[in-house]
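Remarks on the structure that follows.
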Amino acid sequence: MKIPVHDLLKDSANRWPEKSAIICDGRVHTFGRIDQDSDRVACELQSAGVARGDRVAVFMENSAELVVSVFGILKAGAVFVVINPTTKPKKLAYILSDCGVRALIAQSRLARVVEPALAEAPHVRTVVWVGDPPADARPGRTFAQVLGEPHEPPADPGLIDQDLCTIIYTSGSTGHPKGVMLTHCNLINTTWAISTYLENVPDDVVICLLPLSFGYGLCQVLTGARVGFTVLLERSFAYPYQTLQRMAEYGVTGLPAIPTVFATLLTLTEFNGEHLGSLRYMSNAAAALPTGHIRRVRELFPRANLYSMYGLTECTRVCYLDPSRLDEKLASVGKAMPNCEAYVVDEQGRRVGPGVVGELVVRGANVMRGYWGNAEETSRRLRPGDIPGELVLYTGDLFRTDEEGFLYFVARKDDIFKCKGETVSPREIENMLYELGAVAEAAVIGVDDPVDGKAVKVFVVPRNGAALTEQQIRRHCQANLESHMLPKFVEFRESLPKTESGKIAKVSLQ
Amino acid sequence: MDRQQQIRAFIVESFLLGQDNGLSNTDSLLEAGVIDSTGVMELIGFLEKTFAIEVNDSDLVPANLDTIQNMATFVQRKLAVKQLAGT
């Protein structure tokens, strides 16, 4: 039995040391190599004093170094925290402080973001730079130095499956990001469940376009380590044609995507699915794929299976629709994945029958341990289940089922929405806008967007007499928000509609 | 302002908070972290509007778009083709 997640890698490395694990930037990294390199990272961290349960953050774009870092951190017994590389200094400082990050592995070209954040994060005692850091950056060893030196095998930290594996930060309705704690047990279970229903095999080549800071992206790498398949790791989908050429070149068999990726594929007029004859399956998660797009994606890739899935950071994945039922259940996200139960409840937590809308509750080994350092939010989401002592996950998403028990997403309970598949918290953007002294009132909503699902729209009421321009607002947003949260539309108003209790009535802004 | 300067001004304004930090016209915008996939779409919108060109799907490659210089050359080529087609 594999207990800690890094044993998945070790096992594949023992079986297929020369097999391609990661292909990135045209370079092939074998399982054996990733296993050895991550041993070196683990030793470096251990000799810097990192111990079992310490948090180590990784701040870089998708790369082989990121994958090596993740496994190296685990082998040292520590908990990895992968941070989206478009994160800005203030939020980076918040995350580093929130979970008391002890060591940081960062891409040197992000030094201008890292430096101001480190000034506010005294817990971070060790920095390892990937690439040569700028002269004025915090001194630290480089990744190349770490990998280039002889080393002993790392000391066994003695983990059990209840130990934390990762903390993934996600935007919350309260405005501050929350750190979702996932244990080794969670991810050993989830990678097994996912690779079982996707029928992954070692010959698969799965492309990963999503950042590894995102559960859906991370899952590709961890599942790859479990099954022994190859991950073609990309930084983004910025240049679709180039990516598609690489997919054909490496014979990609699996395309995990989000609606924005499918929408982009469907806008390409000079592409047809024939170029990707090796494609066996595609999956959609993170936000619902419009049914019109499902039909067109099916036409574009008639030989590939399309899995409509649903998940959330708090439990990684919940359910998937068997592709053989897709045509008759177009808008459904199917049924719970193996070893997971998902059901709909009313306001009192009682299970409801088919057709009744209620909150989706998830039960299983995939459910998180809670939010780091946030007992209040944890108890809001993790509530007692049917068995005494058991906690189940209240997703905050409204669902209904049909007569056969297939699940359908209806809406969010709060005003959180998804842009480009990533969670957007209106409150987080509003809080940031209020930092501009000239802003008297601000409201953020999601408006329909053909490619991104929802686009961020900002309403601003300037203070009396204050001169406030759209440019100032956009610059302030660029300086403080990740790219998926940047406003597409900015509208000035003299006042905003209010509810009877005096709150901004966002419904009237839609 | 020549085309290269116009493109540079747009990038500085849209992605660098208005501060020209000495980015070279031959630096990769993706690698320098100046833009991400969202930024590429914004750039295309800007090029199409400002220079009245049409960017096709197959034009979306780094050789055309990943540096300020590449973009200026790309726009020049597009305009030349357009002129030929018009005569």
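Projecting the Cα atoms of B:Ala63, B:Ile53, B:Leu43 onto the charge dipole of the range B:19-85 (Cβ charges, centred on the Cα centre) puts B:Ile53 farthest toward the positive pole.
Placing a pseudo-label 7 Å from each Cα along the Cα-to-Cβ vector at B:Arg77 and A:Ala331 gives an inter-label distance of 4.6 nm. Per the Debye formula with a single identical scatterer at each Cα and no solvent contribution, what log10 I(q)/I(0) holds for chain A at q = 0.07, 0.10 Å⁻¹? The computed values of log10 I(q)/I(0) come out as -0.38, -0.80. Considering the dipole of the protein assembly as shown built from charges on the beta carbon (Lys and Arg +1, Asp and Glu -1) around the Cα centre, which of A:His476, A:His293, A:Gln220 is farthest to its positive end? So the residue we want is A:His476.
Taking 0.36 nm per residue of sequence separation and subtracting the Cα-Cα distance, how much length would be gained by fully extending the chain between B:Ser58 and B:Leu84, in nm to one decimal? Let's see the in-between values first.
On the way: separation 26, 0.36 × 26 = 9.36 nm, distance 2.01 nm.
Here the segment from B:Ser58 to B:Leu84 would lengthen by 7.3 nm.
First check a/c for the range A:417-509, with a ≥ b ≥ c the square roots of the eigenvalues of its C-alpha gyration tensor; if it is under 1.5, answer rounded, and if not, answer prolate when a/b is larger than b/c or oblate otherwise.
Values: a/c = 1.94, a/b = 1.24, b/c = 1.56.
Oblate.
Would you please calculate the Kirkwood hydrodynamic radius of the range A:73-199 over all C-alpha pairs and express it in Å, rounded to one decimal? Every distinct Cα pair counted, the radius reaches 16.4 Å. From least to most packed, judged by other beta carbons within 10 angstrom and beginning with the fewest, B:Glu31, A:Glu44, A:Glu441, A:Glu494 follow the order A:Glu494, B:Glu31, A:Glu441, A:Glu44.
Pairs of Cα atoms nearer than 8 Å and 6+ residues apart set the relative contact order; for chain A it is 12 percent. Taking the Cα centre of the range A:417-509 as origin and assigning +1 to Lys and Arg Cβ atoms and -1 to Asp and Glu Cβ atoms, the resulting dipole is close to 60 debye. Here the relative contact order of chain B, from alpha carbon pairs under 8 Å that lie six or more residues apart, stands at 34 percent.
3J(HN,Hα) couplings calculated from phi for the range A:435-448 with the Karplus curve 6.51 cos²θ - 1.76 cosθ + 1.60 (θ = phi - 60°) are, in sequence order, 5, 6, x, 7, 8, 8, 9, 9, 9, 10, 10, x, 10, 4 Hz; Gly and Pro show x.
Distance cut-off 25 Å, Cα to Cα: go down the list A:Lys10/A:Lys420; A:Lys90/A:Lys178; A:Lys418/B:Lys78; A:Lys88/A:Lys178; A:Lys88/A:Lys420; A:Lys2/A:Lys178 and report the pairs above it. Kindly include the intermediate steps, with their values, before the conclusion.
Numbers: A:Lys10/A:Lys420 34 Å; A:Lys90/A:Lys178 15 Å; A:Lys418/B:Lys78 36 Å; A:Lys88/A:Lys178 16 Å; A:Lys88/A:Lys420 18 Å; A:Lys2/A:Lys178 29 Å.
Going by Cα-Cα distance, A:Lys10/A:Lys420; A:Lys418/B:Lys78; A:Lys2/A:Lys178 fall outside the 25 Å limit.
Quick check on the exposure proxy: order A:Thr230, A:Thr423 from fewest to most C-beta atoms within 10 angstrom. Don't skip to the end; give the middle numbers.
On the way: A:Thr230 27, A:Thr423 22.
Lowest count first: A:Thr423, A:Thr230.
Once you sort the root eigenvalues of the Cα gyration tensor of the range A:94-160 as a ≥ b ≥ c, which label holds: rounded (a/c under 1.5), prolate (a/b larger than b/c) or oblate (the other case)? Since a/c reaches 1.5 but b/c is at least a/b, the shape of the range A:94-160 is classed as oblate.
Normalised by the residues of the range A:417-509, what does the relative contact order come to in percent, with Cα pairs under 8 Å and at least six apart?
28 percent
Of all aspartates and glutamates in the structure, those lying under 20 Å Cα to Cα from A:Lys329, and not within fewer than 8 positions of it along the same chain, are A:Glu299, A:Glu341, A:Asp397, A:Asp402, A:Glu403, A:Glu404.
Ordering B:Leu79, A:Leu198, A:Leu266 from the fewest to the most neighbouring beta carbons within 10 Å gives B:Leu79, A:Leu266, A:Leu198.
The range B:7-77 and the range A:436-510 have their alpha-carbon centroids 27 Å apart.
Rule-based calculations on the coordinates, nothing more; no lab input. All figures in this text were calculated on a predicted structure; none of them were measured in a lab. No Cβ is skipped: glycine too gets one built from the backbone with ideal geometry, and neighbour counts run over all protein chains shown.
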